[in-house]
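Before any comments, here is the structure.
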Amino acid sequence: MSSSFAPLAPPKRLLFGPGPSLVAPRVYEAMGKPVVGHLDPFFFQVNEEIRAGLQAAYGTANAFTMAISGTGSAGMEAAISNFVEPGTKFVVFANGFFCDRMSEMGRRQGATVIRYEAPWGQSFDEAAAAEFIRKEQPQAVAFVHGETSTGVATSGEAICAAAHAAGALTIADCVTSLGTMPINLDATGIDVAYSCTQKGLSCPPGLSPISCSPLAMERLKARTSVNHSWYLDLKLLAEYYEGAHRYHHTAPISMFYALREGLALVLEEGVEARYARHKANHEKLVAGLESLGMEMLVQPGIRMWALHTPKVPAGVNDLDVRKKLMERHGIEIQGGFGPLAGQVFRIGLMGEGSTASNVDMLLGALREAMA
Ligand SMILES: Cc1ncc(COP(=O)(O)O)c(C=O)c1O
């Protein structure tokens, strides 16, 4: 066995898959700053900046907006374990892989999970979805705002309006949409949203930004059953991050620096300008893919701006193409999985990576790899 390691030398990768995305150089610099204690006033100052930045990115005035330690799945589990209790009637709008994960988490909480299904690559007929909620009268309703397994965006207004009419709380997975397209939590009517740091915010994976509406906080306060998850119990986390600053766990300080810097970039650019950039580069990529003879899986109007799913052309092997991109250029894109295995590529343009020159570079490399 070797008694020492060689210097750490990660290979140079151009991350244009479904995430993680390219990390902004300023974020790496921020992560190298000295660590302070997790109860240090400086840490809480950074945390307050993060909360303000997240409010802007989510489009919300929700006071309870913060970053949870853990990846996007921790945010998902925080949302579900705090707001879906044993016996809760929980409707999940299911049109991809991450809706299945939400359903599974709901089941594990002992909820009665009722799924409203649409095929992978499609969204939901709004009137039929609203009617389903009216008929089922659930206590909680969940959907995925940006389904990374398919490239479908579900804005959620109709689902949220019907859920509120039935007295249900709404939960949205915004893991790939935060920082890449408008979410507008308050206007849309999303009560609980969660996301990640490694996609639209150009940070490494490690934190999960969550936001809860006043209605969600009312429900949380009124909850009498104990959350089986101690680590993700939002009542306990609130005592750490807000008011009392009572020790809960040792926050990953360097990741908070990273997120603070990722959000500084969002604010400096302006959220609207950032969305416009993602939309323009999305349109440029789609036009380029179509000119290469590729058909998009998802219909216009419900496409995410950060994740693209062109169909693999007949006679082309997706694995071969991805291997060539990696070997020749260090470019990472991904293929489809589940029912879309071998049928689509998944190409991400997220955060710092969403630029016109990257689109040109990707199209050139794809053209060459498919030739
Ligand atoms: C839509 C969506 N939800 C949830 C997750 C899970 O996030 P993580 O892998 O950071 O735990 C992902 C990850 O890609 C995702 O794309």
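The values are calculated or read from the model by the stated rules, or taken from the named source; none is laboratory data. Note that the structure is predicted; figures quoted are calculated from it, not measured. Note: ideal-geometry Cβ built from the backbone for every residue, glycine included; neighbour counts use all protein chains shown.
So the values come out like this:
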quantity: Selected residue (only one of Gly87, Gly106, Gly53, Gly59 is touching a residue at least 24 places away in the same chain (Cβ under 8 Å), touching a Leu at 6+ places or on another chain (Cβ under 9 Å) and closer than 30 Å to Ala128 by Cα); calculated: Gly59
quantity: Residue within region 44-63 that is in contact with a His (Cβ under 9 Å, 6 or more places away or on another chain) and of a type in the set (A, V, I, L, M, F, W, C) present; calculated: yes
quantity: Sole residue being in the same structural domain as Thr170 (by TED's automatic domain parsing) and not β-branched (Val, Ile, Thr), chosen from Ser3, Ser81; calculated: Ser81
quantity: Failed item in (1) within 16 Å of the ligand (Cβ to nearest atom); (2) in a helix (DSSP H, G or I); (3) touching a helix residue (DSSP H, G or I) at 6+ places or on another chain (Cβ under 6 Å); (4) in contact (Cβ under 8 Å) with a residue 60 or more places away in the chain, with Ala67 passing the rest; calculated: (2)
quantity: Single match in Met31, Met105 (criterion: under 17 Å from the mean Cα position of the chain (by Cα) and not assigned by TED's automatic domain parsing to the domain that holds Leu285); calculated: Met105
quantity: Residue match in region 57-66 (condition: surrounded by fewer than 13 Cβ atoms within 10 Å (Cβ to Cβ) and modelled with pLDDT of 95 or more); calculated: yes
quantity: Which listed residue is closer than 26 Å to Glu352 by Cβ, crowded, with 24+ Cβ neighbours inside 10 Å and within 13 Å of the ligand (Cβ to nearest atom), from Gly200, Gly206, Gly179; calculated: Gly200
quantity: Unique match (being over 20 Å from His228 (Cβ atoms), in contact with a helix residue (DSSP H, G or I) (Cβ under 6 Å, 6 or more places away or on another chain), assigned to a loop (DSSP other than H, G, I, E, B) and of a type outside the set (A, V, I, L, M, F, W, C)) among Ser123, Ser149, Ser155; calculated: Ser149
quantity: Qualifying residue in region 243-265 (condition: aliphatic (A, V, I, L, M) and touching a Cys at 6+ places or on another chain (Cβ under 7 Å)); calculated: yes
